[in-house]
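Note sheet for the following structure.
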Amino acid sequence: MPKDMSSVRYKRLLKIIALLQSRRRVSRDELEEVGQYTFEKKKKGYEQNRTLQNDLDFLRDEGAEIIYDRHSKLYILEHDGSFIVNIKISKGEIEALSAGLKMASHFLPHLNEQAKNLWNKLAVYIPKDLTEAGNDLAKSTVIAIPVAPVKAEIFSLLIEAKYKKRPVNIRYVSPGKKGRQWILSPYDFYFRGNAWYMVSYNHHHKVLSTHRISRIITASFAFDTDYVSPEDGGFSEDYVSTAWHIAPGTEKHFVKIKLFGNLADSMREIKWHPTQKIEELSDGNVILTAEVPYLDEVARWVLAGAPNAKVIEPEELKSIVRDFAMKVIE
């Protein structure tokens, strides 16, 4: 990168790459407009803008694959390449950046190498003492939250499938079960309980389904199947938030549980579920109510909190807790 590059050119280059990213196919007039270039009018029209051409050549040298299609007379971005950044950042922003990149290396396996490489580039220009707080925060978080291993190439393909709206063919293996083949239209991803999950449309069952990404053994694009978009035209995080622990759903089961001692104190401090309500009792205990999609997850949570949790309703939840408990002692 030339040392004498002006901030004006920085901004111009960023505007060009942003336009190409958003549109992928743009005309010369659009590029000249977004870059605010000046050019002289000639007798036979406008001369080729050399400044624009020099900027495009610079971006190509930095790895951006910008192709000019003579047939359509449009510029096409095939690959983003490198980006140019010229910003001032504060001490707090440096802490956030150092912590965030190290967490990304841990929680987003498909970006592991990219996050490390980016930090190595930035660390050269940042005083070491400014990064210590962020590094310590990141290390503490990483130690406290282990992540189920995910194949980087599979995670990357699933994310690409979501944004390009392309169905995927996966092989999924659950513990103790035979592998199964599914064709899915990916909708969204979320992290719960030490693992990444994908919510998608299952083309075989024709319903929303949730899959743990670490259990996806192989994944490829399903070229002979059309992508099925969400019914509302977009995917809402409200669906994912229905999960009591991991599995979201559209069913609604009302649960009422009495909590004692430390578990009652913990529930006062933590918003475990978006629908939960807490009723304070005179004896210092609480009544928890919520609407959940699956009772099995609540039953396991009740057993984990024993003896400080007592199911009041529904009867079906009591029965599930009883069955789980009997299997433990049988």
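Key figures
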quantity: Any chance K151 is farther than 27 Å from H273 by Cα and not small (G, A, S); calculated: yes
quantity: Residue count, region 152-205 (criterion: among the basic types (K, R), farther than 15 Å from S229 by Cα and modelled with pLDDT of 90 or more); calculated: 2
quantity: Residue in region 48-60 that is exposed (fewer than 11 other Cβ atoms within 10 Å of the Cβ), within 33 Å of the chain's Cα centre (by Cα) and modelled with pLDDT under 85 present; calculated: no
quantity: P293 being in contact with a His (Cβ under 8 Å, 6 or more places away or on another chain) and under 30 Å from K165 (Cβ atoms); calculated: yes
quantity: Close pairs (8 angstrom Cβ cut-off, 6 or more residues apart or separate chains): free of Cβ contacts under 8 Å to residues at least 12 places away in the same chain in region 51-67, open to solvent by 60 Å² or more (accessible area, probe 1.4 Å) anywhere; calculated: I67/E78
quantity: Total residues in region 179-194, condition among the hydrophobic types (A, V, I, L, M, F, W, C) and open to solvent by less than 10 Å² (accessible area, probe 1.4 Å); calculated: 1
quantity: Lone qualifier among S200, S229, S209, S241 - being in contact with a Leu (Cβ under 6 Å, 6 or more places away or on another chain), closer than 26 Å to V150 by Cβ and touching a residue at least 12 places away in the same chain (Cβ under 8 Å); calculated: S200
quantity: Test: residue in region 137-148 that is crowded, with 18+ Cβ neighbours inside 10 Å and either out of contact with any Lys or Arg (no Cβ under 6 Å at 6 or more places or on another chain) or not in a helix (DSSP H, G or I) (or both); calculated: no
quantity: Pick from region 70-79, criterion open to solvent by less than 100 Å² (accessible area, probe 1.4 Å) and either in contact with a strand residue (DSSP E or B) (Cβ under 6 Å, 6 or more places away or on another chain) or closer than 16 Å to L13 by Cβ (or both), ranking: modelled with the lowest pLDDT; calculated: H79
quantity: Counted residues, region 155-173 - those being of a type in the set (G, A, S) and open to solvent by less than 30 Å² (accessible area, probe 1.4 Å); calculated: 1
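The values are calculated or read from the model by the stated rules, or taken from the named source; none is laboratory data. Here the structure is a predicted model, which is why all the values come from computation and not from measurement. When we count neighbours, we look across all protein chains shown, and the Cβ atoms used for this are built from the backbone with ideal geometry, even at glycine. Side chains are part of the model used for accessible areas, which takes the heavy atoms of the whole protein and leaves out ligands, DNA and RNA. Shrake-Rupley method; radii C 1.70, N 1.55, O 1.52, S 1.80 Å.
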